[in-house]
Every structure is written in C-alpha cells, then in structure tokens.
Amino acid sequence: MSLTPVFKPQLQEITRVQTLQGWQDLVEVHTLPIGQGDCNIITCNKGNNVILFDCGSIGANFLKNEDFKFLKSYFEKATFLAILISHGDRDHYNQIQKILTPSVTPNIQTIVAILGGIRSDYTVKFMKFLDKLTAENIVFHKGLAVGKFCEDSTIYFDFIDAKTEHPNTDKNQMGMLMKLTCKGCESSLLFAGDMEGKAAKHFATQKVGRMFLSATHYKMAHHGASNKANYEQWLKAVSPVEVHVSHKFKHGSFRHPRCEAYYRILENCPIGTDGPQSHKFTCYETSEKRWKENDIWYRVYSTAPVKEKVCLISLVFSRGSEARTGYYCAQPERFLSQQG
C-alpha cells in the first residue's frame with residue numbers, strides 16, 4: 001500500500017515524501033501522527049542539519065513499534081541536530097529520548113537544545129539525558145531571538161517567549177513560540193506549542209506580538225483547543241491560509257480539536273481551499289457534546305482525521321513560491337512500514 005497524498009493538484013502523482021524534493025526546495029517540515037501530543041521534524045536541504053521541534057505524546061502512539069525505519073530516513077545523514085521544545089508539558093517532549101538513539105542518529109556530531117520555560121518544568125530524568133546528549137549545551141529561552149540552524153542563510157528560526165511579555169506560572173503560557181521564515185519564499189510557519197490564556201491575548205494585542213504571529217501557515221495552538229487558546233484576536237493576528245492540527249483521534253479527556261476553534265479559523269482567517277477532492281476533519285462539538293466528522297475542502301489538515309487512519313503532514317518551502325503541502329495517510333499499524 002502506498003501513501004498517496006489526497007491534496008494539492010501538483011502532488012497527485014506523488015506517493016512518497018522523498019519525491020517532494022526539488023532543486024529550489026530549501027527546508028521541509030514533517031508533522032508526525034504522534035497521538036495526543038506534538039512532534040515536528042525539520043530538515044534543511046542544504047547541508048545535513050535537522051531540527052526537532054517538540055516530540056511527545058500522552059498514551060499510545062505509533063512510535064511504540066521497534067521498527068524506526070521511518071525516522072531513520074530523516075536522521076541518518078544528519079551531523080547537526082537542534083532540539084527545540086516549546087514548553088515543559090510531557091506530551092511535547094517525552095518521546096525524544098526514545099527517538100535519539102545511536103541506531104536512528106548514527107552520524108550526529110553536534111547537538112544543541114533550546115527549551116521554553118524553566119528547568120524545573122521538565123523531569124529530572126529527561127534533563128539528565130539532555131545534559132549528557134548536548135554536553136550541557138542547553139539554553140532556556142528568554143525574550144526575542146533569531147536562530148540560524150540551516151546552512152542556507154535565507155532560512156530563519158525566530159523565537160519569542162511569553163516570560164518577558166506577561167509573567168505567569170502556567171507552563172503553557174510560559175512557553176516559547178517559534179516561526180520558521182524563509183527569505184525569498186512566499187510562506188512562513190508559526191509553531192504555537194500550547195500557548196493560551198492571558199499570554200496569548202497579550203501577544204495578539206501588542207504590536208511586536210502581532211508582527212511575530214503573522215504567518216501563512218499555522219501549527220494550531222494546544223492541539224486545537226478553544227476554551228483558552230485560538231482566540232479570535234489571536235487568529236486574526238496569525239491570519240494563515242493553511243492550518244495543521246496534531247492530536248489523537250477522539251481523545252476522551254481533552255476532546256481535541258474543538259469544532260469551535262475550527263469555526264473561528266473559517267470566520268477570522270483567509271483560509272484557502274483545495275479541490276475538487278474533500279478530506280475528513282473530526283472535531284468535538286462542545287455545544288452538542290458530541291464528535292462531528294466533517295468533509296471539508298478548506299486547508300485544515302489533521303494528524304488523526306478518522307479512526308482508521310493517521311496522517312503525516314509535510315510542508316516544503318521553496319524559493320519564489322508558496323510552500324507545498326503533502327498529506328499522507330495510512331492505517332496506524334502499517335504507517336511505519338510504508339516509509340524507509
């Protein structure tokens with residue numbers, strides 16, 4: 001069984017993630033179907049640098065399989081690795097130790113880590129692992145900064161931290177945001193972690209915050225939550241044409257994503273459409289207290305749209321054009337065996 005992308009007319013004949021690459025492609029972002037959590041692998045096409053932004057989940061996920069061929073395809077040639085973690089909730093980092101083994105990352109020579117929040121937000125076991133892995137090359141981010149992790153000088157990783165904007169003790173609100181931008185590209189991608197509450201409102205109402213939030217593509221905050229995250233003002237500030245959501249299908253406790261957040265996107269953002277083929281998007285309708293399966297044409301993509309499948313979302317940034325999206329779905333138990 002091949003993983004056939006269901007979207008974008010120019011991708012209809014593509015059956016493998018690797019074939020997305022073109023000579024003008026600069027950087028690729030792959031959001032894994034990690035379950036109730038978040039995991040993003042960013043690869044630089046010039047050089048052998050890889051960036052891991054968050055990687056964790058609550059409960060079962062497809063990484064329980066011992067076959068890591070899927071992940072090896074991203075890491076096997078990498079010599080430099082940057083580990084970026086938005087905040088100290090375990091569903092954003094507790095799979096990193098499982099992934100970063102010698103068999104998966106055989107050629108890594110340099111590892112750096114930039115973490116949101118403070119050291120005590122993370123488990124002692126994880127920090128000991130990270131200290132050893134990075135030779136204590138760890139930064140707990142504060143303020144506004146720019147990172148250069150790809151050898152291509154046109155690619156930027158911008159960070160901003162709520163700590164200096166709105167002091168708060170909540171991990172979600174104390175986390176950092178990251179935006180991937182590319183000079184000469186027509187796209188950018190905002191990673192929001194679990195940003196919510198007063199800190200999220202503060203970003204959306206301040207000039208610097210609004211400028212930072214603005215992006216063509218948006219990794220939805222807090223797995224698509226609507227009660228404290230993804231406010232109307234926030235979404236207007238981001239103003240994306242495409243949205244990605246990472247979550248487990250019908251998670252009983254959190255019920256992510258919420259339909260209310262999806263409706264807000266449609267009402268407040270210039271969200272694009274794809275056709276003629278629709279795709280599935282399942283969300284929790286709070287007012288009716290039930291799950292709702294939707295057939296949509298909007299560019300809102302989920303890692304777990306239906307019970308029978310999980311999906312990998314890939315975004316390829318190219319010079320002089322909008323980022324290209326690949327949406328690859330398969331049965332969970334067969335997902336790993338389809339890549340290599």
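Just so you know, all these numbers are worked out from the coordinates, no wet-lab data involved. Keep in mind that this is a model prediction, so the values were computed, not measured. Every residue, glycine as well, gets a Cβ built from its backbone with ideal geometry; the counts of neighbours run over all protein chains shown.
Rounded, prolate or oblate: which fits the chain when a ≥ b ≥ c are the square roots of the eigenvalues of the alpha-carbon gyration tensor, with rounded for a/c under 1.5 and prolate only if a/b beats b/c? It comes out rounded by the Cα gyration axes. Absence of a disulfide-compatible partner, taken as no other cysteine beta carbon within less than 4.7 angstrom, is noted in the chain for 269.
Considering only 193, 116, 320, give the residue with the highest GNM mean-square fluctuation for the chain, with springs between Cα atoms whenever their separation is below 10 Å. Maximum among the listed residues: 320. Under a 5 Å amide H cut-off, with hydrogens placed 1.01 Å from N, residue 282 pairs with 294 among residues at least 5 apart or on other chains. Fully extending the segment from residue 129 to residue 101 would add 8.9 nm, taking 0.36 nm per residue of separation and subtracting the current Cα-Cα distance.
Rounded, prolate or oblate: which one fits segment 80-153, using the alpha carbon gyration tensor with axes a ≥ b ≥ c (rounded when a/c is under 1.5, else prolate when a/b beats b/c, else oblate)? Taking the square roots of the gyration eigenvalues as a ≥ b ≥ c, segment 80-153 is oblate.
Spin-label model, residue 109/residue 136: points 7 Å from Cα along the beta carbon direction are separated by 2.4 nm. At an R0 of 22 angstrom, the distance between the Cβ atoms of residue 267 and residue 205 translates into a FRET efficiency of 0.70.
For the chain, the mean residue ellipticity at 222 nm estimated from helices alone is -4500 deg cm²/dmol, where every DSSP H run of n ≥ 4 contributes -39500 (n - 2.57) and the total is divided by all residues, rounded to the nearest 500.
For the chain, relative contact order (Cα pairs under 8 Å, six or more residues apart, normalised by length) works out to 19 percent. Using bins of 5 Å that start at zero, the share of Cα-Cα pairs per bin across segment 176-276 amounts to 2, 14, 24, 26, 18, 10, 4, 1, 0, in whole %.
Pairs 250/307; 179/248; 171/307; 179/307: which exceed 19 Å Cα-Cα? Walk me through the numbers on the way to the answer.
On the way: 250/307 8 Å; 179/248 24 Å; 171/307 30 Å; 179/307 31 Å.
From 250/307; 179/248; 171/307; 179/307, over 19 Å: 179/248; 171/307; 179/307.
Within a straight-line Cα-Cα reach of under 15 Å, residue 201 can be paired with the following aspartates and glutamates, leaving aside sequence neighbours fewer than 8 residues apart in one chain: 161, 165, 170, 232.
From the Cα gyration tensor of segment 217-294, with a ≥ b ≥ c the square roots of its eigenvalues, which class applies: rounded if a/c is under 1.5, or else prolate if a/b is larger than b/c, or else oblate? The partial results should precede the final answer.
On the way: a/c = 1.76, a/b = 1.20, b/c = 1.46.
Cα axes put segment 217-294 in the oblate bin.
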